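The values are calculated or read from the model by the stated rules, or taken from the named source; none is laboratory data. Computed from a predicted model, the values in this text were never measured in an experiment. Backbone-built Cβ (ideal geometry, glycine too); neighbour counts: all protein chains shown.
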Amino acid sequence: MNNLIAVACGGAIGASLRYGASLLALRLFGTTFPYGTLIVNCLGSLLMGALYALSMSTDLPPSVKAFIGVGMLGALTTFSTFANESLLLFQAGDWLKAGLNIVLNVAICLAMVALGQHFIASNT
């Protein structure tokens, strides 16, 4: 039950951060490209990599992993939104933006996971 509460609390925080990031990205960059989704996916990937590396080098309680990894980062990152936005770009005939969105999200997020792991591993 403690892990369930941890996931719920982390999810509330992650979802709120996701919403705020979306509003900020819309205000800063407009609606021509799904920047908000790209930003939260990259940030979430960085933090997931760091959490994973930290959990390998320390004894993190399961409730902390549940709070951050499943709850907060699960709600912050938006793979389903990314997939829908990419499909909508394809359906609109904007193949370049659709392809760019897919390549950037996948490539940068993989790099951010590696960076997060490296940062934590080199500092523990």
Next on the checklist: So Thr58 ticks every box in (1) among the polar types (S, T, N, Q); (2) closer than 22 Å to Val7 by Cα; (3) free of Cβ contacts under 8 Å to residues at least 24 places away in the same chain but one. Which box is left unticked?
Outcome noted: (3)
Item to check | Odd one out for Leu60 among (1) within 18 Å of the chain's Cα centre (by Cα); (2) within 25 Å of Gly11 (Cβ to Cβ); (3) not small (Gly, Ala, Ser) | outcome: (1)
Checklist entry - Of Val40, Val7, which residue is free of Cβ contacts under 8 Å to residues at least 60 places away in the same chain and in a helix (DSSP H, G or I)? => result Val40
Checklist entry - Given the conditions (1) in contact with a Leu (Cβ under 8 Å, 6 or more places away or on another chain); (2) under 23 Å from Ala83 (Cα atoms), which single one is not true for Leu60? => result (2)
Checklist outcome for this item: Going through the range 64-119 in order, the residues found to be closer than 25 Å to Ala12 by Cα, surrounded by 13 or more Cβ atoms within 10 Å (Cβ to Cβ) and hydroxyl-bearing (Ser, Thr, Tyr) are Thr77, Thr78, Thr81
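Only one of these is aromatic (Phe, Trp, Tyr) and in contact with a Leu (Cβ under 8 Å, 6 or more places away or on another chain): Tyr52, Tyr35. Name it.
Numbers: Tyr52 fails: in contact with a Leu (Cβ under 8 Å, 6 or more places away or on another chain).
Being aromatic (Phe, Trp, Tyr) and in contact with a Leu (Cβ under 8 Å, 6 or more places away or on another chain) holds for just one of Tyr52, Tyr35, which is Tyr35.
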Item to check | Answer from Ala107, Ala111 - the residue that is closer than 18 Å to Cys42 by Cβ and out of contact with any helix residue (DSSP H, G or I) (no Cβ under 9 Å at 6 or more places or on another chain) | outcome: Ala107
Checklist outcome for this item: Residue pairs within 7 Å by beta carbon, gap of at least six or interchain, first lying in the range 100-112 and part of a helix (DSSP H, G or I), second surrounded by fewer than 14 Cβ atoms within 10 Å (Cβ to Cβ) and modelled with pLDDT of 95 or more, listed first then second, are none
Next on the checklist: Checking the structure you have, find out if any residue of the range 13-21 is at pLDDT 95 or above, part of a helix (DSSP H, G or I) and polar (S, T, N, Q).
Outcome noted: yes
Checklist outcome for this item: All-but-one check, Ala15 against (1) surrounded by 17 or more Cβ atoms within 10 Å (Cβ to Cβ); (2) touching a residue at least 60 places away in the same chain (Cβ under 8 Å); (3) not hydroxyl-bearing (Ser, Thr, Tyr), failing number (1)
Next on the checklist: Restricting to the range 72-99, name every residue that is of a type in the set (S, T, N, Q), closer than 20 Å to Leu17 by Cβ and in a helix (DSSP H, G or I).
Outcome noted: Ser80, Thr81, Asn84
